[in-house]
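Asks: I have a structure here, written as structure tokens, and I will follow up with some questions on it.
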Amino acid sequence: MFRIFKIRVWLLLALVFATFISKGQGRDTTECLQTDLPTVVSSWLNKEPKTKNAGASSLLLLPIIGSNPATGFMVGLGGQYAFQLPQSTRYSVLSGSIQYTTKRQFMVMLKNMVYTRSDKFFLMGDWRFLIFSQSTYGLGTNAPEGGVLQYQYNLAGMEVGKDSLAQPMTFNFTRIHQSLGYKIRNNVYLGVGYRYDGYFKIVDEKLRLEPNDTLITSHYAYNTKYGFDKEFYFNSAVVANLVIDTRDNMINAYRGVFFNAAWFGASRVVGNRTTTNIFDVEWRSFHGVSKRNPAHLVAFWLLGSFAAVGDLPFMILPATAYDLRGRSGRGYTQGRFRGESYMYGEAEYRFPLTGCGGLLSGVLFANATSASNQSRDLTLMQSIKPGYGFGFRIMVDKQSRTNLSVDFGFGENSFGFYLAASETF
């Protein structure tokens, strides 16, 4: 039944996609003039809308109210400040949020994507502090299938489902990712930086080590096998990266490409127990489908993270929604899939809902995640988990192209609701 439902959903999405593509063709080629929420409200009130100069800044603050199984009910405040520095041809963005949940989780997140004067330097950063709780299912996209808990429960002769194989954990998490790129030619930056991820006060709630009452979790088994601590660990690394950015706007691109290839050197010199190399790659591209309305487009997002087996502690391995934007894996909870190597891809169709240059727009998206588990001989792309969904956008600042976005994502026995200022990617 679930498979038939998914087939019908995909057919419906394909039909909507084809309909909007056909509507976008055959019209006159006069470019749309974008409107936004303040302009519409001023019109309703018969007031003259405030005019902004090119490059004017934009501040958006919004309450965070929501609920999901990972966090319970949450409240908080999120914000985004978009601005353009003198002689810069690009917008820059500072964003952040502070949240508290009924599961006593506390989250502070700060991010920066800044082009300096004349676009000479490019700063890219992700800073987080979390007092958090989260379940893991083991490594690999097929987890918990074949995981440690499944074998232990089967030996006891019990029938189990995926929910009973979840391994809840509580921990504090600190992240400091910051890089600085120098422009070597138009749209191309070579950068250096620093990356720190640290987990402390880790409590592996299902772990039991009493002689007559033993239950080994995936976290404990993995960290024991490779010699890592079970309650506190971190990864400290120097960074070298290459960025190519031809997007016309980083907040809401209508065309162009963003490419980031990074090497992270984690060595004893910067405090690590072991020396390892980590390689990350990211690609985002934006392709218009309407000559008249540039906001009518198809976008693609690809991520990859690769490390040697056994060189990183369990929770520092790449996982769902631990990327720079914290947006991968719509339809699944943060940390649902984890592995020594990780790949993610997403396609999104963005289309107007209220005519040319209208206030409202929509998105349809589909994604796929793959994570490895070498101890079970599971390689990348051997197991792939899909997700899909839809969303709505309301333009709140046409100068910087800032949208308020609401998305509904669906995965395998999973659902997610997302409210944010700006696009997912």
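Every number here is computed from the coordinates shown, using simple stated rules; none is lab data. The shown structure was predicted, so the numbers you read here are calculated from the model rather than taken from an experiment. Virtual Cβ from ideal backbone geometry, glycine too; neighbours counted across all protein chains shown.
Asks: Using +1 at the Cβ of each Lys and Arg and -1 at the Cβ of each Asp and Glu in the chain, identify which of THR101, SER375, MET169 lies farthest towards the dipole's positive end.
Replies: THR101
Asks: Separate question: Ranked from highest to lowest mean number of other Cβ atoms within 10 Å per residue, what is the order of the peptides 315-325, 241-251?
Replies: Order by mean packing, descending: 315-325, 241-251.
Asks: Might you report the magnitude of the Cβ-based charge dipole of the chain about its Cα centre, with Lys and Arg at +1 and Asp and Glu at -1, to the nearest 20 debye?
Replies: Its charge dipole is roughly 1000 debye.
Asks: Which entry is the computed Kirkwood radius over Cα pairs in Å for this structure: (i) 26.1; (ii) 23.1; (iii) 21.5?
Replies: Of the labelled values, this structure produces (ii).
Asks: Further, regarding this structure: For a 32 Å ceiling on Cα separation, which of these pairs sit above it: LYS111/LYS398; LYS183/LYS230; LYS183/LYS225; LYS111/LYS201?
Replies: Pairs exceeding the cut-off: LYS183/LYS230; LYS183/LYS225.
Asks: Arranged from highest to lowest average of other beta-carbon atoms within 10 Å per residue, in what order do the peptides 376-383, 326-333 appear?
Replies: In descending order of packing, they fall as 326-333, 376-383.
Asks: Using a 10 angstrom cutoff on alpha carbons, build the Gaussian network for the chain and name the most mobile of THR224, THR174, THR369.
Replies: For the chain, modelled as a Gaussian network with Cα springs under 10 Å, the answer is THR224.
Asks: Please build a GNM for the chain, connecting alpha carbons under 10 Å apart, and tell me which residue among ASN373, ASN46, ASN223 fluctuates the most.
Replies: Highest fluctuation among the options: ASN46.
Asks: Put one equal scatterer on each alpha carbon of segment 218-335, apply the Debye formula with no solvent term, and list log10 I(q)/I(0) at q = 0.14, 0.23, 0.24 1/Å to two decimals.
Replies: Ignoring solvent entirely, the Cα scatterers give -0.72, -1.33, -1.38.
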